[in-house]
Amino acid sequence: MVAHMARPQSPDYDKRREAILVAAARLYAKRGFSGASIADVANAAGTSKSLIYHYFPAKDDILHAVMAEHLDALVAAAREAQGTGAPDANLRALTIAFMRHYVGAQDRHKVLLNELDNLTPAARQDVVAKQREMIAITEAILAEIGQRADARVNAMLFFGMINWTHTWFDPAGPVMPEMLALRVVELMQKGLSPQAS
């Protein structure tokens, strides 16, 4: 009996797959997930519907990959920042890494923020788990710099500051992503002024 050999993977498999995700993220960010068909994604990626299905069994799988891989990069950056050294250095490394990644992934980030409800239950659970890990690492870093009691609240304020920069921040403008990140760090470290009683 002759065993069937697995079909060899194309040398440019990863490159083609990434091109599909880039095109899909751009379309989903602009039109919404429901407003872009597989044919639209194929056209934007310069490929065919049949090739899209070679990489992704269903349209939902593309959406999941756009979100999950964006979050994988952010979680990896958060894990790396957590071991930078001193607590302040960890916060700086975390914020700079996030801002640098956001600048290159604005479409994916917009899709993540707006299209979570369009995921299948299993895919949504996966994405939410990644988000929770990223938030937990951020909480731990903030707790290390003396904000232990309010770490959860401060973590959400932190993400409130950086998660929407894609709507207004121009990386080609006078403020570099690293400068913006350091401004966020300064605000987190100093905290809000006490309210007058």
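Once you keep just the Cα pairs under 8 angstrom separated by 6 or more residues, what percentage relative contact order results for the range 39-197?
Over the range 39-197, the number comes to 27 percent.
Rounded to two decimals, what is Rg over Rh for the range 88-197 when you use alpha-carbon atoms and the Kirkwood radius?
1.00
Within the range 110-187, list the trypsin sites (Lys or Arg not before Pro) lying in a DSSP loop whose Cβ has at most 13 other Cβ atoms in a 10 Å radius. The partial results should precede the final answer.
On the way: sites: LYS110, ARG124, LYS130, ARG132, ARG148, ARG152, ARG183; in loops: ARG148.
Answer in residue order: ARG148.
What net charge do the residues around ASP126 carry, taking every other residue with its C-beta under 15 Å from that of ASP126, with Lys and Arg at +1 and Asp and Glu at -1? Provide the component values of the computation, followed by the final result.
On the way: positive: ARG124, LYS130, ARG132; negative: ASP60, ASP61, GLU69, ASP72, GLU115, ASP117, GLU133.
Computed value for this residue: -4.
All of the numbers you see were taken from the coordinates with simple rules; none came from a lab. Only a predicted model underlies this, so the values are computations on that prediction, with no experimental measurement involved. Note that each Cβ is placed from the backbone with ideal geometry, even for glycine, and that neighbours are counted across all protein chains shown.
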